[in-house]
């Protein structure tokens, strides 16, 4: 059985992501997620199975529109990619 398609929805101040955030998902979700990001205070990744570098790029770009966003959940691949790209807990570039 294949994983559910990736999705994003706005719930109050939370952007809730689900599925696998990979290259295909990043391309598909970008137009939908971009207008949802401003003002978000939390990215909920508890429904995300895994993240690749394209998925991380999507999240980091959205986080740039919501400075200081709290990221909840630790899908497979996120910690390693965050360390490799030197991103902080809010998916911003550490200074």
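Any read-out appearing in this document is the output of simple, stated calculations on the displayed coordinates, not a laboratory observation. These numbers come from a predicted model, not from an experiment.
Taking only the alpha-carbon atoms of the chain, what semi-axes of the equivalent ellipsoid follow from 5 times the gyration tensor eigenvalues under a square root, in whole Å, largest first?
18, 16, 11
Taking springs between alpha-carbon atoms closer than 10 angstrom, which of 63, 27, 84 fluctuates most in the Gaussian network model of the chain?
Comparing 63, 27, 84 in a Gaussian network model of the chain, the most mobile one is 84.
Given the rule -39500 (n - 2.57) for each run of at least 4 DSSP H residues, summed and divided by the residues of the chain, what is its mean residue ellipticity at 222 nm, to the nearest 500 deg cm²/dmol?
Roughly -9500 deg cm²/dmol at 222 nm, from the helical runs in the chain.
Length gain on complete extension for the stretch residue 32 to residue 89, per 0.36 nm per residue less the alpha carbon to alpha carbon distance?
18.2 nm
Whole Å is fine, so just give me how far the alpha carbon centre of the range 40-95 lies from that of the range 1-37.
The two parts, judged by their Cα centres, are 13 Å apart.
Suppose we keep just the DSSP beta bridges with both residues in the chain; what percent of those would be antiparallel, to 5?
If I count the DSSP bridges inside the chain, around 35 percent turn out antiparallel.
Over the alpha-carbon set of the range 32-73, work out the extent along each principal axis and list the three values in angstrom, largest first.
25, 18, 18
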